[in-house]
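The values are calculated or read from the model by the stated rules, or taken from the named source; none is laboratory data. In this text the structure is predicted, and so the values were computed from the model without any measurement. Neighbour counts are summed over all protein chains in view; Cβ atoms, including those assigned to glycine, are modelled from backbone coordinates with ideal geometry. SASA here: full protein model, heavy atoms, side chains in, ligands and nucleic acids out. Shrake-Rupley method; radii C 1.70, N 1.55, O 1.52, S 1.80 Å.
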Amino acid sequence: MTNSDGKVFQYFKVTNLSSLSSQIEDLQDEGLTIENSNTFHTLWEGYNYCKSKLHESASRGRYVHYLYQNLGCQIEMALYKNYSPLLMGEGPGVRV
């Protein structure tokens, strides 16, 4: 494994994929519309996909970055859409 491969491996390693999936499911159960763009079930599955399909280390890094940037944006937008009315005093059960 080269140094650049190690960086891609670390992206997947830092993210506990089963924990992340569980947390996304919790948010979905709360009514937030979020799609988990990371379909890998294990660290090795993600690493092996990147290694076999994306031949340049920069491409692998961009791919992994996109997966989590996209997920982060979805979560941020869903939270804003669902909870900003409550923060502004416009949601159900808010007394004026």
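Checked against (1) in a helix (DSSP H, G or I); (2) at pLDDT 80 or above, THR39 meets all criteria but (1). When the range 11-36 is filtered for residues that are loosely packed, with under 13 Cβ neighbours inside 10 Å and either at pLDDT 80 or above or of a type outside the set (Ser, Thr, Tyr) (or both), the ones remaining, listed by number, are VAL14, ASN16, SER22, GLU25, ASP26, ASP29, GLU30, GLY31, THR33, GLU35. Considering (1) surrounded by 12 or more Cβ atoms within 10 Å (Cβ to Cβ); (2) over 14 Å from the mean Cα position of the chain (by Cα); (3) not β-branched (Val, Ile, Thr), the lone condition that PHE40 does not fulfil carries the number (2). Of the residues making up the range 29-80, those that are farther than 18 Å from SER19 by Cα and touching a Lys or Arg at 6+ places or on another chain (Cβ under 8 Å) number 6. For the range 80-96, a tally of residues being open to solvent by 50 Å² or more (accessible area, probe 1.4 Å) and modelled with pLDDT under 80 returns 11.
Total residues in the range 43-79 satisfying the condition of being open to solvent by 90 Å² or more (accessible area, probe 1.4 Å) and either modelled with pLDDT under 75 or under 17 Å from ILE24 (Cβ atoms) (or both): the figure is 4.
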